[in-house]
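Contents: one structure, followed by commentary.
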Amino acid sequence: MNQAPLDLVSEHACFGGTQRFYQHDSTEIGLPMKFSVFLPPQASLGPVPALLYLAGLTCNEETFMAKAGAQRLAAELGLALIAPDTSPRGANVAGEAESWDFGVGAGFYLDATQAPWSRHWRMESWITAELLPLLANALPLDAGRIGIFGHSMGGHGALSLALRHPGLFKSVSAFAPICAPSQCPWGRKAFTGYLGADEAGWLEHDASALMAALPDAPFAGGILIDQGLADKFLPGQLNPEAFETACNAAAQPLTLRRHAGYDHGYYFIATFMADHLAHHAGQLGLGQAVD
């Protein structure tokens with residue numbers, strides 16, 4: 001595949017490293033796509049491991065970098081951070097902006113098979129087959145040490161992409177993920193629109209179903225999930241217990257932490273961000289942060 005060059009939109013010094021925002025003309029998507037990258041100071045000496053973060057509904061490539069408070073610890077650990085946008089933009093597909101949970105800002109990290117979405121809504125292929133190889137070639141990133149995590153819709157994306165591409169991702173975690181999208185309103189709406197009415201095909205993008213179908217545990221180092229118990233979307237949308245059951249059946253180590261008083265937002269995410277970075281650092285061969 002001929003890869004389009006990166007267009008550096010802006011760059012900012014941050015904790016001894018650099019916070020960058022990029023755009024490129026995506027072959028997979030057929031439109032310009034935006035993403036952000038934090039390079040820790042260690043990247044000036046050679047390739048560093050990278051952690052891919054997938055954001056939730058209505059978010060974009062800036063949300064995580066501005067709100068999660070991850071750069072300080074990532075700089076200490078020597079860990080790069082990558083945050084792609086959540087969907088194509090500018091496709092001008094009829095109905096793309098009619099609802100907040102489908103279309104623009106709601107790509108669900110899969111490749112749509114149904115018209116009119118199938119032309120541009122190819123988030124899985126963009127991330128796994130285009131963006132990550134492009135960044136590994138253009139930036140000092142270690143392509144053999146990539147982890148993935150995300151929030152809500154992006155938590156669904158992190159879990160499902162990790163299970164669909166275990167050779168690509170060496171570690172995985174999530175904040176308040178949509179664990180069984182084929183069983184909740186958000187997922188059923190998205191899957192019907194992007195994948196069609198045949199629910200059998202939905203299971204290929206449902207983390208709980210994917211885990212249940214595996215013959216053995218793909219992540220021996222364990223999966224980490226944090227869930228707030230004051231999250232208004234927990235009843236009816238997130239279904240962490242379905243993923244927990246599937247992991248138990250597959251003997252997949254899972255740490256599912258439930259936190260009283262925490263909701264669905266970035267104050268919750270920022271509170272437990274250090275734990276997630278440490279989880280990935282250990283599995284990506286990095287030490288703990290310096291005190």
Checklist outcome for this item: The long-range amide H neighbours of THR18, using H built 1.01 Å from N in the peptide plane and a cut-off of under 5 Å, are LEU39
Item to check | Label-point separation in nm, LYS232 to SER99, each point 7 Å along Cα→Cβ | outcome: 1.8
Next on the checklist: Under a crude label model (7 Å from the Cα following the beta-carbon direction), how far is HIS12 from LEU45 in nanometres?
Outcome noted: 2.7
Next on the checklist: Show me the three semi-axes of the equivalent ellipsoid for region 150-273, from the C-alpha gyration tensor (sqrt of 5 times each eigenvalue), largest first, rounded to whole Å.
Outcome noted: 21, 19, 12
Checklist outcome for this item: Contact order relative to length for the chain, counting C-alpha pairs under 8 Å separated by 6 or more residues, stands in percent at 17
Checklist entry - Taking only the alpha-carbon positions of region 186-228 and ignoring solvent, what does the Debye formula give for the base-10 log of I(q)/I(0) at q = 0.15 Å⁻¹? => result -0.52
Checklist outcome for this item: The simple spin-label model distance between THR113 and GLU204, using points 7 Å out along Cα→Cβ, in nm, is 0.5
Checklist outcome for this item: Per DSSP, the loop-located chymotrypsin sites (Phe, Trp or Tyr not before Pro) within region 62-142 having at most 16 other beta carbons within 10 Å are TRP100
Item to check | Helix-derived mean residue ellipticity, 222 nm - over the chain, DSSP H n ≥ 4, -39500 (n - 2.57), to 500 | outcome: -8000 deg cm²/dmol
Checklist entry - If contacts are Cα pairs under 8 angstrom and at least 6 residues apart, what is the relative contact order of region 8-162 in percent? => result 27
Checklist entry - Which semi-axis lengths, in whole Å and largest first, follow from the square roots of five times the eigenvalues of the Cα gyration tensor of region 129-217? => result 25, 14, 12
Checklist outcome for this item: Rounded to the nearest Å, the spacing of the alpha-carbon centers of region 144-180 and region 226-291 is 11
Item to check | Those GluC sites (Glu not before Pro) in region 40-130 that DSSP places in a loop and that have at most 13 other beta carbons within 10 Å | outcome: GLU98
Checklist outcome for this item: Per the rule of 0.36 nm per residue minus the C-alpha distance, extending ALA212 to ALA249 adds in nm 12.6 nm
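Coordinate-derived values only; no laboratory data. In this text, all values refer to a predicted model and were calculated from it rather than measured experimentally. Positions of Cβ are generated from backbone atoms using ideal geometry, with glycine treated the same way; all protein chains shown enter the neighbour counts.
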